[in-house]
Each structure stands twice: as structure tokens, then as C-alpha cells.
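Engineer: Sharing a structure, written as C-alpha cells. Questions coming.
The values are calculated or read from the model by the stated rules, or taken from the named source; none is laboratory data. Here the structure is a predicted model, which is why all the values come from computation and not from measurement. Cβ atoms come from the backbone with ideal geometry, glycine included; neighbour counts cover every protein chain shown.
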Amino acid sequence: MPEFPISPAEGRALCIFARAVIGAELAGTAPPALPENIPALDAPGSCFVTLQLDGGLRGCIGSVEPFETLGANLRRNALNAAFGDPRFQPLSADEFPRTELELSIMGPPEPIPGPEHFVPGEHGIILSLFGRRALFLPQVATEQGWDRETTLDFLARKAGFQSNAWKSKDAAFFVFKTEIFR
């Protein structure tokens, strides 16, 4: 989690800021200033921004490791979720009012000895195998109603492998937790 805790009120302010960043891009106006008095924004941090349109995924982009301030990472990932997710066309001005935003503030990934240490719904999971990586946020398994094995099957497919590839002795797993704001 970030160096400074984020309160629910601050989390709401961050979601409002991320929506304002996307709205400014759509309107062709100057991006908004970062919210004031939220110390975590100036500390190294990483996040994922997830957009949903009419209940379905519309974009999800993020960073696993902190390589910039949380404020800069939030701005970058809001724009990329809306306009740079390769699975979707860029978000349109018509879609924007119907789009819901979810912000996941990332905790540090920690290696685990095997997939049996992954707790769906509590942990996010990263699979690393043969130079490829794939990730699911903690809420994905819960939202989809998946158990551990089903989550790992879909994670392997997301990484470009067959469903059971996660059972390989060469597979490495990392788990993480997030703070989620909507």
C-alpha cells in the first residue's frame, strides 16, 4: 500500500480526479491539478484504473511497481484505461457519462511458494512463466465467481498459454493486496 494511508474521503477525491482527467482529455481542455492535502499522491505509488460501461469492462490499465509518484501514476493510468487499452477503442464522449471508475491502489507484490498460497478475493495474483506475465486484481475472482483453479486457468490464458500452464514447475506466482475506491 502507499507510504501514507488513504482515507475513504481521499479515495473518493482520487476517483473524482481520475474522472476529471479523462473528461478534460475528451473536452480538449487542460488537465486538472492534483487534489491537495493527500500526502500519498506525492509518494512513490502505483495503481490500476478500471472503467466499466453498462456493467461490462471498458478498460483497465495499471502499474504493478511504483516507478513514479502515485499522483503521476493515477493520471497516466486514467488516460490509458480510457484511451490506451488495446482491447478497446478509445472511450468516446457519448460513453463517458455511463462509465464507472474503480481505482485500485497497489500493495507490493510478494512471491509465494506455490498457487495453493493464493487466496481468491483476498489476493491479486501475478503469474510469471517463460518470460510472460499476467495479472488479476483481487476483485476479479470474486466478481466472476471463480475459485482458485478457475482463476489460475483464466490467468494462464490471459498470459497466452493453455489453461493448465500454471501447473508448470517453471511457473512463479506473486500475490498482492489493493485498496479499492469507486
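Engineer: Would you mind finding the one in GLY23, GLY11 that is touching a residue at least 60 places away in the same chain (Cβ under 8 Å), assigned to a helix (DSSP H, G or I) and closer than 21 Å to LYS177 by Cα? Lay out the reasoning, then the answer.
Structural biologist: On the way: GLY23 fails: closer than 21 Å to LYS177 by Cα.
The conditions single out GLY11.
Engineer: What number of residues in region 26-45 are out of contact with any Pro (no Cβ under 9 Å at 6 or more places or on another chain), part of a loop (DSSP other than H, G, I, E, B) and of a type outside the set (S, T, N, Q)? Quick ask: steps written out before the conclusion?
Structural biologist: Step one: filter region 26-45 for residues out of contact with any Pro (no Cβ under 9 Å at 6 or more places or on another chain), giving 26-38, 42.
Adding the requirement that they be part of a loop (DSSP other than H, G, I, E, B) leaves 28-38.
With of a type outside the set (S, T, N, Q) added as a condition, the list becomes 28, 30-36, 38.
Total satisfying the criteria: 9.
Engineer: Pairs only if they're at least six apart or on different chains, beta carbon under 6 angstrom, first in region 144-164 and under 13 Å from ILE125 (Cβ atoms), second hydrophobic (A, V, I, L, M, F, W, C) and in a helix (DSSP H, G or I); list them, first residue then second.
Structural biologist: What qualifies is THR151/ALA141; LEU152/TRP166; ALA156/ALA165; ALA156/TRP166.
Engineer: State which residue pairs qualify: first residue farther than 14 Å from VAL49 by Cβ and inside region 83-106, second residue assigned to a strand (DSSP E or B) in any location, beta carbons under 7 Å apart, and separation of 6 or more residues or different chains.
Structural biologist: Here the result reads GLU95/LEU53; ARG98/LEU53, each pair linking region 83-106 to a residue that is assigned to a strand (DSSP E or B).
Engineer: I'd like to verify a number: residues in region 1-52 that are among the hydroxyl-bearing types (Ser, Thr, Tyr) and either modelled with pLDDT under 95 or out of contact with any Asp or Glu (no Cβ under 9 Å at 6 or more places or on another chain) (or both), how many? Break it down into steps so the answer makes sense when it comes.
Structural biologist: Taking region 1-52 and keeping what is among the hydroxyl-bearing types (Ser, Thr, Tyr), we get 7, 29, 46, 50.
In the following step, the residues that additionally are either modelled with pLDDT under 95 or out of contact with any Asp or Glu (no Cβ under 9 Å at 6 or more places or on another chain) (or both) were identified as 7, 29.
Residues meeting the conditions: 2.
Engineer: Would you confirm whether or not region 43-55 contains a residue that is over 27 Å from ARG87 (Cβ atoms), exposed (fewer than 15 other Cβ atoms within 10 Å of the Cβ) and in contact (Cβ under 8 Å) with a residue 12 or more places away in the chain? Full working, then the answer.
Structural biologist: So in region 43-55, the residues over 27 Å from ARG87 (Cβ atoms) come out as 43-44.
With the extra rule that they be exposed (fewer than 15 other Cβ atoms within 10 Å of the Cβ), the set shrinks to 43.
In the following step, the residues that additionally are in contact (Cβ under 8 Å) with a residue 12 or more places away in the chain were identified as 43.
Yes - at least one qualifying residue is present in region 43-55.
Engineer: State all residues of region 118-166 that are charged (D, E, K, R) and either out of contact with any Pro (no Cβ under 8 Å at 6 or more places or on another chain) or surrounded by 13 or more Cβ atoms within 10 Å (Cβ to Cβ) (or both); if no residue qualifies, say none. Walk me through it before giving the result.
Structural biologist: Initial filter on region 118-166 (charged (D, E, K, R)): 122, 132-133, 143, 147-149, 153, 157-158.
Residues satisfying the conditions are ARG132, ARG133, GLU143, ARG148, GLU149, ASP153, ARG157, LYS158.
Engineer: Could you tell me which numbered condition LEU103 fails, if it satisfies all but one of (1) of a type in the set (A, V, I, L, M); (2) farther than 17 Å from VAL64 by Cβ; (3) in a strand (DSSP E or B)?
Structural biologist: With respect to (1) of a type in the set (A, V, I, L, M); (2) farther than 17 Å from VAL64 by Cβ; (3) in a strand (DSSP E or B), LEU103 is out only on (2).
Engineer: Here's something else I'd like to know. Would you check if ALA82 is surrounded by fewer than 18 Cβ atoms within 10 Å (Cβ to Cβ) and either over 25 Å from ARG133 (Cα atoms) or modelled with pLDDT of 95 or more (or both)? Walk me through it before giving the result.
Structural biologist: On the way: surrounded by fewer than 18 Cβ atoms within 10 Å (Cβ to Cβ): no; either over 25 Å from ARG133 (Cα atoms) or modelled with pLDDT of 95 or more (or both): yes.
So ALA82 does not fit the description; no.
Engineer: Could you identify the single residue in ASP153, ASP94, ASP85 that is of a type in the set (D, E, K, R) and in contact with a helix residue (DSSP H, G or I) (Cβ under 9 Å, 6 or more places away or on another chain)? Working first, answer last.
Structural biologist: Details: ASP94 fails: in contact with a helix residue (DSSP H, G or I) (Cβ under 9 Å, 6 or more places away or on another chain); ASP85 fails: in contact with a helix residue (DSSP H, G or I) (Cβ under 9 Å, 6 or more places away or on another chain).
After ruling out the rest, the residue left standing is ASP153.
Engineer: Now, a different point. Of everything in region 125-143 that's touching a residue at least 40 places away in the same chain (Cβ under 8 Å) and not in a helix (DSSP H, G or I), which residue is nearest to the chain's Cα centre (by Cα)?
Structural biologist: As a first pass, look at region 125-143 and keep what is touching a residue at least 40 places away in the same chain (Cβ under 8 Å): 125-130, 135, 137-139.
Among the residues that remain, those that are also not in a helix (DSSP H, G or I) are: 125-130, 135, 137.
Values: ILE125: 12, ILE126: 12, LEU127: 15, SER128: 17, LEU129: 20, PHE130: 23, LEU135: 9, LEU137: 6 Å.
Result: LEU137.
Engineer: Which of the residues spanning region 63-83 are of a type outside the set (A, V, I, L, M, F, W, C) and within 22 Å of ALA33 (Cβ to Cβ)? Explain how you work it out, then say what you get.
Structural biologist: As a first pass, look at region 63-83 and keep what is of a type outside the set (A, V, I, L, M, F, W, C): 63, 65-66, 68-69, 71, 73, 75-77, 80.
Selection gives SER63, PRO66, GLU68, THR69, GLY71, ASN73, ARG75, ARG76, ASN77, ASN80.
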